[in-house]
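Undergrad: Got a structure here, written out as structure tokens. Questions coming.
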Amino acid sequence: MSVSRTRILGVGRAVPERVVANDDLAQRMDTSDEWIQQRTGIRQRRHISTSTGATDLGKIAAEEALRSAGVSAQDVDLVIFATLSPDIDWPSCACLLTQKLGTRNIPAFDVKNQCSGFIYGLASADAMIRAGRARRALVVGGEIHSTGLDLTTRGREVGVIFGDGAGAVVLGPTDDPDRGILSTHLHADGNHAEKLWLEAAASRNRPRIKPEDLDGDDPAGFPRMSGKFVFKHAVTRFPEVIKESLDANGLAIADLDLLIPHQANLRINQFVAAGLELDESKVVNNIDRYGNTTAASIPIALHEAIADGRVAADMLVCLAAFGAGFTWAAALMRW
Ligand code: UT7
């Protein structure tokens, strides 16, 4: 078969059962349901309640994606795991997942590119499939944030935003020139790395983590963000990369049926939609229920959009992300 494109064959997702409402956080820190909803659109997020790694959720999501694709774990010949919150420092989540799924001794690696990680993984799998290096690729985005957040008033700007979850897709080749991933677009700029980062544990330090990393006014052991700065870059980079993907295919915003953006802040997605003159009915938002699950947010949103019938055959769908790094990315596909 001549491979002209890569298609998504199946999608899965997994979120922990424990729902953490804004009011639950307000009991632990100086915040309020009103502030969180107004500034972010988040009503609740999911947090694990027992010891659970990104690959535990990733496994459940991957198994659903495999089932819906009609593909067995033995058929998978590439695993890519996007995460910034791996189960352990090393080896990779992708390696851990191959053991959990019982795949053959296939290539497996992690992508650590924060909110853009899933699209980076998708782009890598797409390139390998089109190059004939893989026929059944599993791309997973999985995150456990809740165990690494400062859920006191000191960490409230970040602590209220992140949630746990995982999503997965199975990809395969198609010779249908009109369907599948039309193009992917990846960008990074490390100039603003410190505007959203988690410094400790750091291999450049000896020891890598010190007691004071979890102490003091602004500890390096928790994620830190210059929220307004990140926001401004997000609302610039999102439309840029979405337009770039359309331009590359000779298409326009009016051709777009559905935008599935990373879920960092409802206001960001509304701002982007308004700037692009894209009707909000064409934008998938579920941050109200899950918060920001970084690399997992797009496959979770894609899963929901398929389940509720918002994604249908022949639709032009754009996935887009912006996040720490900074990194930003888009994938345009004809469903
Ligand atoms: O996924 C990766 C990409 N991430 C993003 O794109 C996130 C981008 N940034 C944002 O979404 C927003 O900047 C935030 C939601 C993080 C913050 O919203 P903001 O409207 O930019 O608020 P702010 O940081 O300017 O803070 C306004 C006030 C401050 O108080 P003062 O200085 O005005 O007295 C904060 O201390 O709100 C305070 N504040 C809070 N109050 C209640 C910050 N966090 C909270 C909180 N609850 N959780």
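The values are calculated or read from the model by the stated rules, or taken from the named source; none is laboratory data. Being a predicted model, the structure only gives us computed values, none of them experimental. We place every Cβ from the backbone using ideal geometry, glycine too, and count neighbours over all the protein chains shown. Accessible surface is based on the protein model in full, side chains and every heavy atom, while ligands, DNA and RNA are left aside. Shrake-Rupley method; radii C 1.70, N 1.55, O 1.52, S 1.80 Å.
Undergrad: I'm told Ile60 meets every condition in (1) at positive phi; (2) in contact with a strand residue (DSSP E or B) (Cβ under 7 Å, 6 or more places away or on another chain) except one. Can you identify the failing condition by its number?
TA: Every condition holds for Ile60 apart from (1).
Undergrad: Considering only residues that are touching a helix residue (DSSP H, G or I) at 6+ places or on another chain (Cβ under 9 Å), more than 23 Å from Lys59 (Cβ to Cβ) and either of a type outside the set (D, E, K, R) or assigned to a loop (DSSP other than H, G, I, E, B) (or both), which ones fall in the range 154-175?
TA: Answer for the range 154-175, where residues must be touching a helix residue (DSSP H, G or I) at 6+ places or on another chain (Cβ under 9 Å), more than 23 Å from Lys59 (Cβ to Cβ) and either of a type outside the set (D, E, K, R) or assigned to a loop (DSSP other than H, G, I, E, B) (or both): Val158, Gly159, Val160, Ile161, Pro173.
Undergrad: Go over the candidates Ala73, Ala61, Ala69 one by one and state the one that is touching a residue at least 24 places away in the same chain (Cβ under 8 Å) and surrounded by 24 or more Cβ atoms within 10 Å (Cβ to Cβ).
TA: Ala61
Undergrad: May I ask you to list the residues in the range 307-335 that are away from the ligand (no atom under 15 Å from the Cβ) and part of a strand (DSSP E or B)?
TA: Leu316, Val317, Cys318, Ala330, Ala331, Leu332, Met333, Arg334
Undergrad: While we're here: Looking at (1) under 24 Å from Ile36 (Cα atoms); (2) open to solvent by less than 20 Å² (accessible area, probe 1.4 Å); (3) in contact (Cβ under 8 Å) with a residue 40 or more places away in the chain, find the lone condition where Asp288 falls short.
TA: (2)
Undergrad: Right, another one. From the list Lys243, Lys232, pick out the single residue that is free of Cβ contacts under 8 Å to residues at least 60 places away in the same chain, part of a helix (DSSP H, G or I), open to solvent by 50 Å² or more (accessible area, probe 1.4 Å) and away from the ligand (no atom under 15 Å from the Cβ). Please lay out each step first, then the result.
TA: Details: Lys232 fails: away from the ligand (no atom under 15 Å from the Cβ).
Criteria check complete, one pass: Lys243.
Undergrad: While we're looking at this one, here's another question. Search the range 214-228 for residues being outside any helix (DSSP H, G or I) and more than 14 Å from the ligand (Cβ to nearest atom), and hand back the single one that is most open to solvent (accessible area, probe 1.4 Å). Working first, answer last.
TA: Of the residues in the range 214-228, the ones outside any helix (DSSP H, G or I) are 215-226.
If we keep only those that are more than 14 Å from the ligand (Cβ to nearest atom) as well, we get 215-216, 219-221.
On the way: Asp215: 96, Gly216: 44, Pro219: 9, Ala220: 19, Gly221: 14 Å².
So the residue we want is Asp215.
Undergrad: On the given criteria, is Thr327 closer than 25 Å to Phe162 by Cβ, open to solvent by less than 50 Å² (accessible area, probe 1.4 Å) and of a type in the set (S, T, N, Q)?
TA: Judged against the criteria, Thr327 is a match.
Undergrad: Of the numbered conditions (1) open to solvent by 30 Å² or more (accessible area, probe 1.4 Å); (2) at positive phi, Glu280 satisfies every one except a single condition; which is it?
TA: So the condition that Glu280 fails would be (2).
Undergrad: Determine which member of the set Leu266, Leu251 is away from the ligand (no atom under 15 Å from the Cβ) and assigned by TED's automatic domain parsing to the domain that holds Thr236.
TA: It is Leu251.
Undergrad: Is one or more of the residues making up the range 121-131 outside any strand (DSSP E or B), over 30 Å from Asp30 (Cβ atoms) and in contact with a helix residue (DSSP H, G or I) (Cβ under 9 Å, 6 or more places away or on another chain)?
TA: Initial filter on the range 121-131 (outside any strand (DSSP E or B)): 121-131.
Filter once more, keeping what is over 30 Å from Asp30 (Cβ atoms): 121-131.
Now restrict to residues that are in contact with a helix residue (DSSP H, G or I) (Cβ under 9 Å, 6 or more places away or on another chain): 121-122.
Yes, that holds for at least one residue.
Undergrad: With the range 1-108 as the region, which helices (runs of 4 or more DSSP H) entirely inside it contain at least 1 residues that are under 30 Å from Thr153 (Cα atoms), under 18 Å from the mean Cα position of the chain (by Cα) and modelled with pLDDT of 95 or more?
TA: 33-40, 54-69
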